[in-house]
Amino acid sequence: MNYLDSLANLGVGGAHPGGLQLTKAMLKREQIGPETFVLDIGCGTGQTAAFIAENYSCSVTAVDNHPLMIEKALKRFKDRNLPVTAICLDIEKLKLDQQFDMIVAESVLAFTDISLSLASAIQVLRPSGRLLAVEIVVDSSMSETDRALIMSFYGFRKLLTEAEWKDRFFQAGFKQIEVDQPIIDPSSISLDDAQDFHFSKSKLEEALNLLQEHQELTQAYEDILHYRIFRCSR
Ligand SMILES: C[S@@+](CC[C@H](N)C(=O)[O-])C[C@H]1O[C@@H](n2cnc3c(N)ncnc32)[C@H](O)[C@@H]1O
């Protein structure tokens, strides 16, 4: 079992830094209405896709290449009677007939071949559309040993600094990149959001051990590992 398998096994909703509170803060600055077409790439168990569909009544498509993630996302959408389309797809080879006004990628791109994922994403983004990406950024001072440890535990294909991420977005064809990191108001954190887990019965202990290891790594590297929101326009 790897880190992503453990997230799928535990059915973690909001498996990105800042969780749903960060998502809410990030979306507040965007213009989303009933006519907006949103694509959530690497949707995990579908927490963000469900939130968007419920709160903005717009068209939402959610894709992920992990079958258990998609199974749990589909269950979430069905239980809440939400008209979200969920598809098991590799975002490095996205082939969708539709074009989107907004693509959301929350803690996803670093797990993929970034050039391929961004090339795929930009192809399904309307010219006026925006990509919102929440990604881990590292300090350039990070040692090779620490870098190797983090990449191997999480299965990241790359660990990039903020400047390197911006370069990647520019190389993919985005013209304008805004970077921010909203401050989360602790009073906005609801217990319901914090409890968004949907456990599978098998291999629970192994999954919980990996989650524990993730928490220890996050604490140990809190001064070096950060995150940013990249708002990318064409
Ligand atoms: C850290 S989780 C974040 C999930 C979700 N965005 C969230 O915030 O809860 C990363 C997700 O990206 C998905 N993923 C990784 N590589 C992918 C790929 N090539 N194509 C589609 N999904 C991918 C994983 O299966 C996983 O669900």
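Results, tabulated for the structure shown:
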read-out: Filtered residue count, segment 99-118, keeping only those that are within 15 Å of LEU39 (Cα to Cα) and hydrophobic (A, V, I, L, M, F, W, C); value: 8
read-out: Any pair with Cβ under 6 angstrom, 6 or more apart, that starts in segment 27-52 at a residue that is more than 16 Å from ASN65 (Cα to Cα) and ends at one that is among the aromatic types (Phe, Trp, Tyr) and more than 16 Å from the ligand (Cβ to nearest atom); value: ILE32/TYR56
read-out: Restricting segment 74-93 to residues that are within 9 Å of the ligand (Cβ to nearest atom) and farther than 17 Å from PHE169 by Cα, the residue that is farthest from the chain's Cα centre (by Cα); value: LYS93
read-out: Residues that are over 24 Å from VAL179 (Cα atoms), surrounded by fewer than 21 Cβ atoms within 10 Å (Cβ to Cβ) and among the acidic types (Asp, Glu), drawn from segment 12-66; value: GLU35, GLU54
read-out: Segment 84-107, residues that are farther than 12 Å from ASP64 by Cβ, in contact with a helix residue (DSSP H, G or I) (Cβ under 7 Å, 6 or more places away or on another chain) and not aliphatic (A, V, I, L, M); value: GLU92, LYS93
read-out: From LEU27, LEU39, residue being touching a strand residue (DSSP E or B) at 6+ places or on another chain (Cβ under 7 Å) and more than 9 Å from the ligand (Cβ to nearest atom); value: LEU39
read-out: Long-range neighbours under 6 Å by Cβ, at least six apart or interchain, first residue in contact (Cβ under 8 Å) with a residue 60 or more places away in the chain within segment 59-83, second among the polar types (S, T, N, Q) and away from the ligand (no atom under 13 Å from the Cβ); value: none
read-out: Odd one out for GLY14 among (1) touching a Pro at 6+ places or on another chain (Cβ under 8 Å); (2) near the ligand (Cβ under 8 Å from one of its atoms); value: (1)
read-out: Close pairs (8 angstrom Cβ cut-off, 6 or more residues apart or separate chains): at positive phi in segment 162-185, at pLDDT below 95 anywhere; value: GLY173/ARG234
read-out: All helices (runs of 4 or more DSSP H) inside segment 133-234 with 1 or more residues being more than 18 Å from the chain's Cα centre (by Cα) and either farther than 24 Å from VAL12 by Cβ or modelled with pLDDT of 95 or more (or both); value: 144-154, 162-172
read-out: Close pairs (6 angstrom Cβ cut-off, 6 or more residues apart or separate chains): touching a residue at least 40 places away in the same chain (Cβ under 8 Å) in segment 216-234, of a type in the set (S, T, N, Q) and assigned to a strand (DSSP E or B) anywhere; value: SER233/GLN176
read-out: Qualifying residue in segment 140-150 (condition: among the hydroxyl-bearing types (Ser, Thr, Tyr), more than 11 Å from the ligand (Cβ to nearest atom), under 22 Å from ASP167 (Cβ atoms) and in contact (Cβ under 8 Å) with a residue 24 or more places away in the chain); value: yes
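The values are calculated or read from the model by the stated rules, or taken from the named source; none is laboratory data. Note that the coordinates shown come from a computational prediction; the quantities given were computed from them, not determined experimentally. Cβ coordinates were reconstructed from backbone atoms using ideal geometry, including for glycine residues, and neighbour counts include every protein chain displayed.
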